[in-house]
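Values in this text are rule-based calculations from the coordinates and carry no lab data. Bear in mind that the values here come from a model prediction, so they are computed numbers and not experimental data. So basically every Cβ, Gly included, is an ideal-geometry build from the backbone, and we count neighbours across all protein chains shown.
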Amino acid sequence: MAKNKRSDPKGYVWRLLCGEERTNSKIKEAWNFKIQTMKYNTETVAPIPTGYLFTGKYSKGLLETLSIGDYGKSKNVKADFLGYKTLIEGVENGYCMPLSEKWVITVSTQYGCPMKCTFCDVPNLGMKGNATFDDIHYQVLNAINLFPDVSYTERLNLHFARMGDPIFNEAVFTYAEWVALNKKAFQRETGLRVEVFHPVLTTSLPKDFKNLEERLLKWCDIKNNLYNGQAGLQLSINSTCEKQRSEMYRGMQLDLESLARITDKFPEPISRKYCLNFAYSTDFEIDAQKIKRLFDPEKFMCKITPIHNNNACSKNGIQTLGGYDSWQPYQKPEEELREAGFDVLVFVPSMDEEDGLVTCGNLILGGSQLKTVDGEVRLKIEGCAT
């Protein structure tokens with residue numbers, strides 16, 4: 001078998017995804033190759049500049065997954081507390097670092113999502129239940145199988161963030177525990193030796209989920225004890241104005257006062273702080289003093305990202321004006337949060353990432369459209385053939 005043939009330099013697999021007839025012999029060859037080399041009923045594989053976006057048929061239907069590289073914080077992050085102090089005036093469509101240094105896999109945890117967020121395309125699918133432990137594991141196996149020549153990575157970020165809110169799914173917690181305790185078994189099954197697993201749970205904080213507090217505290221325990229701090233907990237806040245939050249979450253979110261009563265019970269974080277996440281639209285309020293009153297800067301840091309350009313945001317008029325090419329939208333909230341005593345990280349994706357639907361709220365299965373393919377797709381990961 002040719003090495004790294006999955007990089008799909010001619011874009012044949014992409015044309016399959018677009019639904020062109022499978023009459024061309026090269027397209028048939030690519031299709032047969034995909035079936036032979038991918039596992040567990042993978043349906044479509046789309047090459048994007050930073051890696052692959054793929055769908056697969058699992059226990060209850062289709063799920064969508066990402067297997068991608070990362071540019072590194074020096075390219076797309078301003079975080080004074082980490083030493084990254086350069087203002088971000090857009091992010092170059094450059095090359096990701098080698099997967100042997102950092103690999104990102106983003107898995108789906110539900111078949112759809114019960115939340116109705118107005119900035120996300122996933123609710124278009126409805127809700128068909130939680131992914132099982134095996135569904136999650138097979139997504140990870142498929143993601144690794146896309147890069148068969150990579151046998152070692154210093155860091156594997158496992159994001160529970162594609163389809164669904166992971167807080168609803170106990171299998172997410174079980175899987176994170178299993179990975180932490182079974183690194184050798186994981187290596188035997190996948191052929192990939194991982195130095196540091198870094199799972200990240202992001203939740204929109206559903207107010208009517210009776211197990212919300214229990215699950216949040218359980219993840220704190222997993223993060224601090226099983227992973228010695230090397231795991232992430234992101235609480236999606238987005239705005240400090242409850243009216244705005246009720247509009248964006250359609251009234252399904254926990255209010256910040258109630259959330260603060262839960263987070264008061266969080267243990268002191270080991271290593272990484274817990275994260276208050278702001279997917280920031282130009283019209284959203286970020287009141288640094290309110291955040292400081294409710295959340296302890298010794299426990300929490302703040303992350304700001306642009307809101308992403310998916311169908312839902314376009315339909316509902318939600319956008320970060322200039323957020324992909326200028327520091328200006330982030331200057332005021334970043335400065336005010338830092339002055340309030342918070343560590344602040346601003347992350348801005350490249351247009352390759354945005355157009356490749358890497359960013360949160362995008363979903364091919366939910367109607368999002370890839371914009372990266374006009375002709376050939378060039379895989380921009382150091383050390384990977386294109």
query = Given the chain, what percent of its DSSP beta bridges are antiparallel, to the nearest 5?
reply = 45 percent
task = Would you tally the net charge around Lys73, using a Cβ to Cβ cut-off of less than 13 Å, leaving Lys73 out, and scoring K and R as +1, D and E as -1?
result = +3
query = All other residues with a Cβ under 14 Å from the Cβ of Arg155 taken together, and with Lys, Arg as +1 and Asp, Glu as -1, what is their net charge?
reply = +1
query = What's the long-distance tail for region 247-382, i.e. % of Cα pairs beyond 21 Å?
reply = 52 percent
Positive-pole candidate from Ile318, Thr359, Met127, dipole of the chain, charges at beta carbon = Met127
task = Quick one: Debye curve from the alpha-carbon atoms of region 5-366 only, equal weights, vacuum; give me log10 I(q)/I(0) at q = 0.06, 0.09, 0.13, 0.14 Å⁻¹ to two decimals.
result = -0.21, -0.48, -1.06, -1.25
message = If you take every residue apart from Ala231 with its C-beta less than 13 Å away from the C-beta of Ala231, what net charge results, scoring Lys and Arg +1 and Asp and Glu -1?
response = +3
key: Extension gain, Glu335 back to Arg293 (0.36 nm per residue minus Cα-Cα distance, nm)   = 13.4 nm
query = Once amide H atoms are placed 1.01 Å from N in the peptide plane, what residues at a sequence separation of 5 or more from Ile381, or on another chain, have their amide H within under 5 Å of its amide H?
reply = Cys96
task = Work out how much length Gln187 to Phe133 would gain on full extension: take 0.36 nm times their residue separation and subtract the Cα-Cα distance, in nm to one decimal.
result = 17.7 nm
For the chain, calculated [θ]222 nm from helices alone, where every DSSP H run of n ≥ 4 adds -39500 (n - 2.57) = -8000 deg cm²/dmol
